[in-house]
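Colleague: Have a look at the structure that comes next, please.
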Amino acid sequence: MADHRNGSSQPPNGKATAAGSAYAIDLVKFSARLKALYSHWNKHKSELWSSADVLAIATPPPSDDLRYLKSSALNIWLLGYEFPDTIMVFMQKQIHFLCSQKKASLLDVVKAPAKEAVGVEVVMHVKAKNNDGSALMEAIFRAIRAQLKVDGDDSPVVGYIAREAPEGNLLEKWAEKLKNVNFLLGDVTSGLSDLLAVKSKEELVNVKKAAFLTTNVMNNIVVPKLENVIDEEKKVTHSALMDETEKAILEPSKAGARLKAENVDICYPPIFQSGGQFDLRPSAASNDELLYYDSASVIICAVGARYNSYCCNVARTYLIDANPLQSKAYGVLLKAHEATISELKPGNKVSAAYQAALSVVEKDAPELVPNLTKSAGTGIGLEFRESGLNLNAKNDRVVKAGMVFNVSLGFQNLQNQTNNTKNQTFSLLLADTVIVDSDKADVATSKSSKALKDVAYSFNEDDQEEEKPKGKDDANGTEAFMSKTTLRSDNHEASKEELRRQHQAELARLKNEETARRLAGAGTGAGDHRAAARTSTELVAYKNVNDLPPPKDLMIQIDQKNEAVLFPIYGSMVPFHVSTIRTVSSQQDTNRTCCIRIIFNVPGTPFSPHDASSLKVQGSIYLKEVSFRSKDGRHISEVVQMIKTLRRQVMARESERAERATLVTQERLQLAGNRNKPIRLSDLWIRPPFGGRGRKMPGTLEAHVNGFRFSTTRQDERVDIMFGNIKHAFFQPAENEMITLLHFHLHNHIMVGNKKTKDVQFYVEVMDVVQTLGGGKRSAYDPDEIEEEQRERDRKNKINMGFQSFVNRVNDLWGQPQFNGLDLEFDQPLRELGFHGVPYKSSAFIVPTSTCLVELIETPFLVVTLGEIEIVNLERVGLGQKNFDMTVVFKDFKKDVLRIDSIPSTALDGIKEWLDTTDIKYYESRLNLNWRQILKTITDDPQSFIDDGGWEFLNLEATDSESERSEESDQGYEPSDLEPESDSEDEASDSESLVESEEEEDDDTDDSEEEKGKTWEELEREATNADREKGAEYDSEEDRKRRKTKAFGKSRAGPINTVSKRSKLR
């Protein structure tokens, strides 16, 4: 971050080293800024401009060093380009330029605008190539004296930039002559700083674009690279990371920023520091040491980019397996950094920002005050460090709207209690670019998160298990011994499996303690309240007799308006509300007469229990059934159809009304105004779809102030989803699927059309689901086919990018302080952890996310929150099984378990690893369990469940080890049809209570005897059919031969009396 340091060999943008069509001065901007310069000079001449009568600004020759100069900044601000090796002299009546012929020809265009803007004459002094410019300088001095003589000033003050040492022959000659003439010299650095401090809207746009590029590089290049290096334990130097990051800045497309490369540049070479060597000064640089990321290490990254010469800076500190001191220090630093930003408001003093940070540190961690940096940053813009705007305790300048600050705060040289020199000393640094608005400070680099949860990484969670007891080998009197010939991969897998078992044992202990506390708090009197009776409302057809329609004939009449059916009974028309009718049917007799039969809902019958309305008048007599005959069969058919239609409409309406009555009242959607346009995603389809028989219409999803709104062109098709009602949000781009989707899983139900749902999905089909099949075969090299595939890929990528942009903008919206309590962020499924299974009726690809287990393609959708899972039981796990089932038991025991059936056995290890890494306790069993009975037993007597060891009755390994110790000899695994008949009846009854299968041992024996008598052809036919039903892949020829030989031998062999001992699996 130095003012002078080696950087890219490419000159910083804005240098005009030669005249030509490539350079064009914006004359409108020049006129406005020239007015601002003269106005500010005249207004603050004495206090900021050292009472200068003349301003002499000398710009040095071009350099390969990356540097920031006031003279260059004034060139770019006023003219749009840097004019090196040029002298500009501003007087009240004239402006003099001393430069080469090419620059003079480019500057000629400013003569007329300068005259119109401030009434000054522009004079060009063209220096020949071999001329030192002395004569031209004397001409400028004569012009100064002539003007001041007119003004009556005998001792003129010439303002110059004192901190810039002259470079090159021209500027050295100018400095020499300026000192020898009879002029007083004054430093105008403060005046130029104040002039450039407040940025215009156009300048702020440039700063924001630079911030966009900087945060994209940090989020898309730096952080993924660091995570990859640490995760794969690569060796990378700080300088290599610097080079890769610098290339990403100079090529914005690499970082996902759609900015022209010719408009961007680096502010400074990116900085990476770790391994105990830290420097928080702006002159820091990346060294050639390797990145250090062991436990309790700290990595500081700083990235700065420029857009149209306007700078932006961001710095972050990443903690690797942080210790308590590092976590505390970072928390204090983050709080102090936020306090500094909050004080940057118009009207406040600059010193108040640093005092706010100091107050936080003195209050929360006074021992860290000596380590706090002495400044909280500087102003930033055309210069990386704008003098006069240092955020320290002594600066009394007033903050103004339009100012931009690089808020950089840190702790230097903190000490860890360790002997490791690499992490004994550490530093922390945070930096953001902040724009001062009219009422608050806007953090332009807020997209780069600095929250502790986003910068703290933990990679040594398994190391806590190292200090465990040495295992069961010591109990048996033997020591574990590893042969030299053991493969390293086998050792790794064995240790990985052992770590997983240890972690699962610890999870089992914690889970049983948690379950015991929860059951003890819930009490034992909790019953099953799943089937709560729903009371019906009183439905009245007519309030009084006068409302009845006049009878036409003694025939059945349907009153559509009052939703009633009038039956002729004993010569009178008796009305019944259509909802009291349960069924209506017609039948034709043999004598050509038709009969219509109506059955009513009668309280007290099995399908019509008593409700509140029937209990009001308990002595009432109810009509159960009525039949009528007619010779007009067509009339009977019309009556039946009309009653059914009316009943269907009323039932649908009442059902929807009942559903809406149970909805939780949502807050009202606040629409975004014209100033802040809503974030929009167009041409989406919704699931569940709106009702109605009309043609389905695509719609638009908009993110407003406190929620989403989806609407189509139809007025009645609109859905509002409040941010506060969203439990989980998912974004799944199309890869192997036909759709790209956004999915919202809600806390409370909402109505989509007339459907009550907790899951709402918006999607776009990335390609046509239905394709036309040609009459003949098409070549793989058919250009039309290749072009069509390319179009489909382009369309898919375009749709995915559109969704990704929407998701990123909404995530930024959710990152604002008012939404912190909601903890919302779009989650993306992790496809590499996915597996096939049957959660409902059809097979689907089920994918974990960071917080859920989801299936979002097939309906009904599956969304399981990992935090609500009690345990997972993997069922039908055993040798020879091609698939298994997974049962998810929820913490709410009143909720039915979730079963995912027919998961391929090849996914077993992956699922175990995923469950273990997410701290979910899992068990394995060889059979499916009757979970409804198990949960009922637990809720009825929770104390017995706790006393019996909690969930350990599912521990198959413990059960196996106990049974092995109880046997006199190791008989290995025995098939179920060879189990001894001496099993106790108690064990059989216990298994019947837990296992859903109700088959007896005799039935199993009979089945096995029948199986022994089958021929090889029958067995082969059954195996083929079973594979076809399960969708199994074809086996190899060798496998088929082996299975054929095995089955053939089995069909001819007699009963087996002995079983060979199986080898133990390790």
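Colleague: Based on the alpha-carbon gyration tensor of segment 27-196 and its eigenvalue square roots a ≥ b ≥ c, which shape applies: rounded if a/c is under 1.5, prolate if not and a/b is larger than b/c, or oblate? Before the final figure, lay out the partial values.
Modeller: Working: a/c = 1.19, a/b = 1.08, b/c = 1.11.
Rounded is the answer for segment 27-196, as its axis ratio a/c remains below 1.5.
Colleague: In addition: Keeping all protein chains in position, work out how much accessible area T237 exposes to a 1.4 Å probe, and write it in Å² to the nearest 10.
Modeller: Result for T237: roughly 40 Å² accessible.
Colleague: While we're here: For segment 201-457, with every protein chain kept in place, what is the accessible area per residue (1.4 Å probe, Å²)?
Modeller: On a per-residue basis, 39 Å².
Colleague: Also: In the structure displayed, which of K496/K921; K727/K756; K225/K912; K328/K453 lie more than 22 Å apart, Cα to Cα? Show your work: numbers first, answer last.
Modeller: On the way: K496/K921 17 Å; K727/K756 16 Å; K225/K912 28 Å; K328/K453 13 Å.
Long pairs (Cα-Cα over 22 Å): K225/K912.
Colleague: I would also like to ask the following. How large a share of the accessible area of segment 201-457, in percent, is made up of carbon and sulfur atoms when the probe is 1.4 Å and the other protein chains stay in place?
Modeller: Working: 4880 of 10030 Å².
The nonpolar share, carbon plus sulfur, comes to 49 percent.
Colleague: Given a 1.4 angstrom probe, I'd like the percentage of the accessible area of segment 807-922 that is carbon and sulfur, rounded to a whole number.
Modeller: 50
Colleague: When DSSP assigns beta bridges and you keep just the ones with both residues in segment 27-196, what percent turn out antiparallel, to the nearest 5? Mind showing how you got there, number by number?
Modeller: Details: 9 of 21 bridges.
Here the antiparallel bridges make up roughly 45 percent for segment 27-196.
Colleague: How many lysine pairs does segment 39-136 hold where the Cα atoms are under 19 Å apart and the two sit 8 or more places apart or on different chains?
Modeller: So the count works out to 12.
Colleague: Turning to a different aspect of this structure: Whole-Hz Karplus ³J(HN,Hα) for segment 843-848, in order, using 6.51 cos²θ - 1.76 cosθ + 1.60 and θ = phi - 60°, x for Gly and Pro?
Modeller: Per residue, the Karplus-derived 3J(HN,Hα) values read 6, 8, 9, 9, 10, x Hz.
Colleague: Rolling a 1.4 angstrom probe over the protein heavy atoms, how many square angstrom per residue are accessible across segment 536-591?
Modeller: Details: 3800 Å² over 56 residues.
For segment 536-591, the solvent-accessible area averages 68 Å² per residue.
Colleague: Using alpha-carbon pairs under 8 Å, 6+ residues apart, how would you state the relative contact order of segment 27-196 in percent?
Modeller: It comes to 30 percent, rounded to a whole number.
Colleague: Counting only protein heavy atoms, what percent of the accessible surface of segment 27-196 is carbon or sulfur at a 1.4 Å probe?
Modeller: C and S atoms contribute 49 percent here.
Colleague: Quick one: accessible area per residue over segment 27-196, 1.4 Å probe, rounded to a whole number of Å²?
Modeller: Spelled out: the 1.4 Å probe surface of segment 27-196, per residue, equals 44 Å².
Colleague: Give the long-range amide H neighbours of V766: residues separated by 5 or more places, or on another chain, with amide H under 5 Å away, using H modelled in the peptide plane at 1.01 Å from N.
Modeller: Amide H neighbours of V766: I739, T740.
Colleague: Can you grab the distance from the C-alpha centre of segment 394-427 to the C-alpha centre of segment 34-63, Å, no decimals?
Modeller: Using only Cα atoms to place each centre, the spacing works out to 34 Å.
Colleague: List, in order, the whole-Hz ³J(HN,Hα) value for each residue of segment 158-165 obtained from phi through the Karplus relation with A = 6.51, B = -1.76, C = 1.60 and θ = phi - 60°; use x for Gly and Pro.
Modeller: Per residue, the Karplus-derived 3J(HN,Hα) values read 9, x, 8, 8, 5, 6, 8, 6 Hz.
Colleague: So what are the ³J(HN,Hα) numbers for segment 393-399, from phi and the Karplus equation (6.51, -1.76, 1.60; θ = phi - 60°), rounded to whole Hz, Gly and Pro as x?
Modeller: Computed from phi, the couplings for segment 393-399 are 6, 9, 7, 9, 4, 9, 6 Hz.
Colleague: Can you tell which of L66, G159, V120 lies farthest toward the positive end of the dipole of segment 27-196, using +1 and -1 charges on the Cβ of basic and acidic side chains (Lys, Arg; Asp, Glu)?
Modeller: V120
Colleague: Once you order the gyration tensor axes a ≥ b ≥ c over the Cα atoms, which shape class does segment 201-457 get: rounded for a/c under 1.5, otherwise prolate or oblate by comparing a/b with b/c?
Modeller: oblate
Colleague: For a quick check: with amide H placed at 1.01 Å from N, whose amide H comes under 5 Å from S387's, ignoring anything fewer than 5 positions away on the same chain?
Modeller: Placed amide hydrogens put nothing under 5 Å from S387.
Colleague: Kindly provide the trypsin sites (Lys or Arg not before Pro) of segment 131-194 that DSSP labels as loop, not H, G, I, E or B, and whose Cβ sees at most 15 other Cβ atoms within 10 Å.
Modeller: Loop-located and lightly packed - R163.
Colleague: Right, another one. Expressed as a whole number of Å, what is the distance separating the alpha-carbon centroids of segment 215-278 and segment 807-828?
Modeller: 25
Colleague: Could you calculate the FRET efficiency of D823 with N323 from 1/(1 + (r/R0)^6), where r is the beta carbon distance between them and R0 is 30 Å, rounded to 0.05?
Modeller: Working: r = 26 Å, r/R0 = 0.87.
Calculated value: 0.70.
Colleague: Okay, moving on. Antiparallel DSSP bridges in segment 201-457: what percent, to the nearest 5?
Modeller: On the way: 38 of 40 bridges.
Rounded to the nearest five, the antiparallel share is 95 percent.
Colleague: Which residues' amide hydrogens lie under 5 Å from the amide hydrogen of A672, considering only partners 5 or more residues apart or on another chain, with H built in the peptide plane?
Modeller: V705
Colleague: Follow-up. Please give, to one decimal in nm, the separation of the simple spin-label points placed at N544 and E785, each 7 Å out from Cα toward the Cβ.
Modeller: Here the modelled spin labels are 8.2 nm apart.
Colleague: Related question: Evaluate the relative contact order of segment 632-742 (contact order divided by residue number), counting alpha-carbon pairs under 8 angstrom at least 6 apart; express in whole percent.
Modeller: Reported as a whole number, the value is 16 percent.
Colleague: Can you grab the distance from the C-alpha centre of segment 707-723 to the C-alpha centre of segment 155-173, Å, no decimals?
Modeller: So the two Cα centres are separated by 66 Å.
Colleague: Another question, if that's okay. Among rounded, prolate and oblate, which fits segment 763-914 when a ≥ b ≥ c are the square roots of the eigenvalues of its C-alpha gyration tensor, a/c under 1.5 means rounded, and a/b larger than b/c means prolate?
Modeller: Oblate shape, in that a/c is at least 1.5 and b/c is the bigger or equal ratio.
The values are calculated or read from the model by the stated rules, or taken from the named source; none is laboratory data. Predicted, not measured: the structure shown is a model, and the values here were computed from it. Cβ coordinates were reconstructed from backbone atoms using ideal geometry, including for glycine residues, and neighbour counts include every protein chain displayed. Side chains included, ligands, DNA and RNA excluded: accessible areas come from the protein's heavy atoms. Shrake-Rupley method; radii C 1.70, N 1.55, O 1.52, S 1.80 Å.
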